[in-house]
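Taking it in order: structure first as structure tokens, then the write-up.
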Amino acid sequence: MKQEYIVYMGSLPESEYLPSSHHLSMIQEVVQPSSSENVLVRSYKRSFNGFSAKLTSEEAQKLASKKEVVSIFPSTTLQLQTTRSWDFMGFNVTGNGKRGSHSDIVVGVIDTGVWPESESFNDDGFGPPPRKWRGVCEGGENFTCNNKIIGARRYSFSSARDDLGHGSHTASTAAGNIVKKASFYGLAQGTARGGVPSARISAYKVCGPASCQSSDILSAFDDAIADGVDIITISIGESHAQEFDSDVIAIGGFHSMAKGILTLQSAGNEGPAQGSVASVAPWIFTVAASSTDRRIIDKAVLGNGKTLGNSVNSFSLKGRTFPLVYGKGASRECKHLEASRCYTGCLNRALVKGKIVVCDNVDGRTEAKRAGALGVILPNSFEDVSFILPLPGLSLTEDKLNSVKSYLNSTKKPSANILKSEAIKLKLLLSLLVPDVSAPGVDILAAFPPALSPTEDAADKRHVK
């Protein structure tokens with residue numbers, strides 16, 4: 001059975017060389033003539049040498065034995081990882097917002113694309129792209145570049161437009177233009193901007209709703225290096241560290257380093273356990289996400305007076321207290337386990353209407369909304385990660401969620417009130433354990449496609465501008 005393999009061949013020869021022809025001839029040497037059509041998927045030929053092809057395991061083994069092949073490995077799927085932050089770090093608007101040397105910097109963002117009409121990507125005050133720029137705007141359907149977004153490419157997609165929100169968020173965090181009076185429905189009000197708002201951006205879309213193909217990621221590195229970006233940022237990765245010669249980000253980052261281009265990669269979402277950082281190549285600048293001196297806090301006040309909570313809640317229950325019910329006590333259709341997790345179709349509308357529902361599964365938010373619940377309380381594995389929910393709600397760590405359940409069992413008429421979130425300032429800790437560097441990545445206000453709801457939930461009809 002055939003699958004896509006990546007054949008990595010190192011640097012391009014300095015002598016005259018036709019990479020595509022060479023790649024085809026190598027394939028023809030190991031593949032039967034009758035099945036050689038459409039075997040070659042991609043040629044990497046602008047910044048380094050290699051290709052991806054649909055091969056059987058036997059054909060891949062034959063190619064691996066050739067002297068010009070450094071490594072061969074299956075193309076896999078990788079996962080995406082992700083106002084006050086730059087003030088917190090002392091990067092003031094005046095110093096970084098001037099049009100000058102910074103406006104010649106081009107940041108290559110390998111991600112889900114961008115939403116070019118976002119205010120973060122407004123090109124007011126920008127001149128034409130720097131002369132050194134060799135990239136193009138091949139954004140495809142319904143995509144236009146400007147003097148801020150000066151380049152766009154897409155791989156396996158019809159458009160470089162961001163339909164997930166991740167790419168717009170990361171691009172605007174790195175180099176988004178200055179947006180005054182920004183907020184999330186009144187929360188975290190202030191000026192939103194990237195680290196270097198005067199820099200240009202080139203977007204390389206390699207990810208869709210399902211995942212990111214490693215062969216596409218390697219193509220994006222191949223193009224970004226040749227296009228002349230100054231920095232590459234990629235918030236994508238494996239769940240664990242890979243061997244360097246079979247890690248497409250390590251390979252791409254190595255060749256970008258050879259051209260004097262710094263690659264920044266997110267440390268990953270698997271922490272904070274030992275060995276959870278997936279980006280370990282020494283030539284890549286690995287960035288961890290830290291918090292700032294601001295947290296967006298949402299609280300629930302139980303009927304017994306206990307206060308707890310963590311979420312981003314833009315809704316208000318106007319200070320009123322409402323009945324509290326556990327999912328397994330609000331179902332007539334499902335067994336206790338499914339009902340306690342608020343699986344789809346489990347909650348009975350008559351039993352949850354006008355009440356706050358406690359669920360043992362974070363996806364219970366969708367079922368709670370469908371069934372007409374007034375609010376929801378969910379589990380959260382991480383103390384410092386806040387969810388955005390489609391109804392009044394909050395997420396709690398296991399110990400705090402257990403305290404809610406204990407309260408439910410302690411009274412015949414449990415009740416709670418969910419307060420609207422507020423931004424608070426925190427006392428700073430002076431010691432941090434980081435990969436190469438740690439930068440703010442928690443509760444960050446950044447660009448997001450207006451075509452999507454902030455929760456990406458079909459039942460959530462809100463949209464951001």
*Would you please name the residue that is farthest from Lys328 (Cα to Cα), looking only at residues in the stretch 399-416 that are of a type in the set (D, E, K, R) and exposed (fewer than 10 other Cβ atoms within 10 Å of the Cβ)?*
Asp399
*For the stretch 59-73, enumerate the residues that are surrounded by fewer than 20 Cβ atoms within 10 Å (Cβ to Cβ) and closer than 17 Å to Gly252 by Cβ.*
Val70, Ser71, Phe73
*asked:* Tally up the residues in the stretch 369-414 that are more than 15 Å from Ser340 (Cα to Cα), at pLDDT 85 or above and touching a helix residue (DSSP H, G or I) at 6+ places or on another chain (Cβ under 7 Å), please.
replied: 2
_Thr82 at pLDDT below 70 and assigned to a loop (DSSP other than H, G, I, E, B)_ = yes
_Against the condition under 21 Å from Pro414 (Cα atoms), modelled with pLDDT of 90 or more and part of a strand (DSSP E or B), how does Val325 come out, does it pass?_
yes
_Cβ contacts < 8 Å: first residue closer than 17 Å to Thr286 by Cα, restricted to the stretch 225-239; second residue buried (at least 19 other Cβ atoms within 10 Å of the Cβ) and among the aromatic types (Phe, Trp, Tyr), any location; separation 6+ or different chain. Result?_
Ile232/Phe221
*Scan the stretch 1-39 residue by residue and report those that are surrounded by 14 or more Cβ atoms within 10 Å (Cβ to Cβ), within 16 Å of Ala60 (Cα to Cα) and hydrophobic (A, V, I, L, M, F, W, C).*
Ile6, Val7, Met9, Leu24, Met26, Ile27, Val30, Val31, Val39
*Can you pull out the residues in the stretch 339-360 that are surrounded by fewer than 18 Cβ atoms within 10 Å (Cβ to Cβ) and either among the hydrophobic types (A, V, I, L, M, F, W, C) or out of contact with any strand residue (DSSP E or B) (no Cβ under 7 Å at 6 or more places or on another chain) (or both)?*
Thr344, Gly345, Arg349, Ala350, Leu351, Lys353
*Only one residue in Ala250, Ala281, Ala289 is surrounded by fewer than 23 Cβ atoms within 10 Å (Cβ to Cβ), within 21 Å of Asp162 (Cβ to Cβ) and modelled with pLDDT under 95, so which one is that?*
Ala289
*Residue that is more than 23 Å from Phe51 (Cα to Cα), charged (D, E, K, R) and at pLDDT 90 or above, where the choices are Lys181, Lys148, Lys205*: Lys148
*Going through the stretch 368-380 one residue at a time, which ones are in a strand (DSSP E or B) and touching a Pro at 6+ places or on another chain (Cβ under 6 Å)?*
Gly375
*Which ones in the stretch 99-134 are farther than 30 Å from Ser214 by Cα, surrounded by 13 or more Cβ atoms within 10 Å (Cβ to Cβ), of a type in the set (D, E, K, R) and modelled with pLDDT under 90?*
Glu119
_So, in the stretch 336-367, how many residues would count as being closer than 17 Å to Ala416 by Cβ and assigned to a helix (DSSP H, G or I)?_
4
*Using the structure shown, decide if Gln265 is over 22 Å from Lys132 (Cα atoms) and modelled with pLDDT of 80 or more.*
yes
*Does Lys45 satisfy the criteria of being under 22 Å from His255 (Cβ atoms), charged (D, E, K, R), at pLDDT 95 or above and in the same structural domain as Ser71 (by TED's automatic domain parsing)?*
yes
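The values are calculated or read from the model by the stated rules, or taken from the named source; none is laboratory data. Worth saying up front: this structure is predicted, and the values here are computed from it rather than measured. Note: ideal-geometry Cβ built from the backbone for every residue, glycine included; neighbour counts use all protein chains shown.
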